[in-house]
Amino acid sequence: MLETMNLRPRASLGRVLDDLGATLLEVVHGDPERAQDIGGVVIHDPVDDPIPPAGALVLGVGLVDADAIVELVRSLGRHRVAGLVLRAPVQVTPAMRTAVEESGVTLLGLSRGAPWAHLAAMLRAVLAEGDIGVTDHESLGGLPSGDLFAVANAIAALLDAPITIEDRSSRVLAFSGRQDEADPSRVETILGRQVPERYSRILAERGVFRELHRSDRPVFVSPGAEGEDAFSMPRVAMAVRAGDELLGSIWAAVPGPLNEERTEALCDAAKLVALHLLRVRAGADVQRRLRADLLSSALEGGRGAHEALERLGLSGKPLIVLGVSVDEPDHDPRPPGGDAVLVHERQRVSDAFAMQLSAVHPRSAAALIGDVAYGLVPAPGTGHDGEESGRRLANEFLDRLGDRVTAVVAVGPIARDVAGLAFARTCADRALRVLREARSGRRVATLEDIQVEALMLDLRDMAAARDDRPTGPLARLIDYDRQHHSTLVQTLAAWLDAFGDVIAASEALYVHPNTFRYRLRRLAEVGEIDLGDPEARFFAMLQLRVLAPQLTH
């Protein structure tokens, strides 16, 4: 299978190599100038073989066999793919050279130590200029709005030094060329997209971050004498602010302190970077709202559903509907920050969910609607195959999310038209409600898996709306238990759950079978219920499940 990230690129392969070359990517063989604008970033999976988009850049994760590479290059050439990335070093055989030259597919190598996920994220940052409904090409300071790699290269030219632009957590947002001129610590930072923890600790202990955050001028950082773990080349850092808000920082690897001219240039550059970071953040917020509106319109199945699906690129396809719900931790129902913390956590999980789906299929869509993150993914094969694919996606997402977040995922039935989409969303919502309220620990389910529980919840809603309460034998047992502090209701529930098996029921309540039999006789007398009557048993079981579920636990 070829898994594609959902991008809208406006860059050529040459542009990608200019931004990511030397540090992350190298040309192994082929002419990158022959390639057209890149049409997507694709992860190769030999198990399946759908058609990649024209101009795609294919990531050959784990691909080392020369014959398999030759066969793949020829296949990609027939689909006008731009390039194939393999893990360096790549041993190029004559057959591989011939295949590359005949197909026009450029062969690239990914540096050792650079994670594939980081390369995919960097490519997304380089390539993605727009999203749904966004067609403008604004610029800030003469550079494409939000293009932080172009900004980093411009600053590098002004300072004559390799540059990184980092967020408040020292994660690398963009970097310039010429990183090979810096020291190993800078290369390690670029490969990991994050300043290594040991370097951050050194900077924090020396008070560099404290000085950087309170200064409006560049801060010079000498290498110091911390030994092998220290960086060997001086740095100049500049905080990036919007008013009083710290947005990030610019870091230049320099041979020594900046002169006055370059100091002023860096101060001016920080203002430009702030505008770009604000534009990126605002654009992300607009895109979230737009995507959420389109996804909501599609899931409602009304008049605007067809147009919404077309704008999402999902029209005419059978779709899997997924719903992700994040709840407050059981041990801390009101965390510091209250609802704001929970809202932020849900948005964070929704963004992660959108990224997961975009890496799986080129035409997926995900957004947070209310307190549920919904996802739409084109369904492969038959309906059963689609649901199994949905389960697999849900389990993979939860595995990557880890145990820190309490989340559950519902998989709706395959939707083949607009009406089916609204029905699938309803099914996912019902399954989510059961998963949130269940005590079984189940985290992924379809409505079919938990239909009985869903029906019980529906009946409880109806009973609550009419203010129905237990009557007959169950009402008499409840009153007796309250007056005498007994457990006749629990005894009845355990007996019904065990299908009349006294041994199993007594073990469930941790009492002796003879004691249980006595209680059973007593509840029949007090409740005036004939336990041999199937109608009486069904009536009691239904009331216990619908009208008094709290009494059975």
At a threshold of 8 angstrom on Cα-Cα distance, excluding pairs fewer than six apart, so keeping six or more, what relative contact order does segment 304-463 reach in percent? 27
In nanometres, what is the gap between the two model label sites at Arg198 and Arg469, each 7 Å from Cα along Cα-to-Cβ? 7.0
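Rounded to the nearest 0.05, what FRET efficiency do Arg206 and Arg279 have when you use their Cβ-Cβ distance and R0 = 30 Å? List each step's numbers first, then the result.
Values: r = 33 Å, r/R0 = 1.10.
FRET efficiency, Arg206 to Arg279: 0.35.
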Work out from phi, with θ = phi - 60° and the Karplus expression 6.51 cos²θ - 1.76 cosθ + 1.60, the ³J(HN,Hα) of each residue of segment 317-325, listed in order in whole Hz, and give x for Gly and Pro. 10, x, 10, 9, 9, 10, x, 10, 10
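Given that compact globular proteins tend to follow 2.2 N^0.38 Å, what is the ratio of the alpha-carbon Rg of segment 304-463 to that value? Before the final figure, lay out the partial values.
On the way: Rg = 15.6 Å, N = 160, 2.2 N^0.38 = 15.1 Å.
Here the Cα radius of gyration is 1.03 times the empirical estimate.
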Residues with amide H under 5 Å of Ile369's amide H, sequence separation 5 or more or different chain, H placed in the peptide plane at 1.01 Å from N; which? Tyr374
Dipole moment magnitude, nearest 20 debye, segment 139-281 about Cα centre, only Lys, Arg, Asp, Glu C-beta charged: 420
Per residue of segment 387-400, what does 6.51 cos²θ - 1.76 cosθ + 1.60 with θ = phi - 60° give for ³J(HN,Hα)? Whole Hz please, x for Gly and Pro, Karplus curve as stated. 5, 5, 5, x, 4, 5, 4, 5, 5, 5, 5, 5, 4, 6
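Could you work out how much longer the chain between His512 and Leu158 gets when fully extended? Use 0.36 nm per residue separation minus the Cα distance between them, nm to one decimal.
Numbers: separation 354, 0.36 × 354 = 127.44 nm, distance 8.49 nm.
Gain in length upon complete extension: 118.9 nm.
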Computed over segment 139-281, the relative contact order (Cα-Cα under 8 Å, seq sep at least six) in percent reads 26
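Taking the alpha carbon gyration tensor of segment 495-553, what are the square roots of 5 times its eigenvalues, largest first, to the nearest whole Å?
Working: eigenvalues 67, 41, 23 Å².
Computed over segment 495-553, the values are 18, 14, 11 Å.
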Given H placed 1.01 Å from N in the peptide plane, which residues other than close sequence neighbours of Ala174 have an amide H under 5 Å from its amide H? Ile165
Coil-residue trypsin sites (Lys or Arg not before Pro) of segment 462-551, DSSP, other Cβ within 10 Å capped at 14: Arg466
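Each reported figure results from applying straightforward, stated rules to the coordinates on display, with no laboratory input. All figures in this text were calculated on a predicted structure; none of them were measured in a lab. Virtual Cβ from ideal backbone geometry, glycine too; neighbours counted across all protein chains shown.
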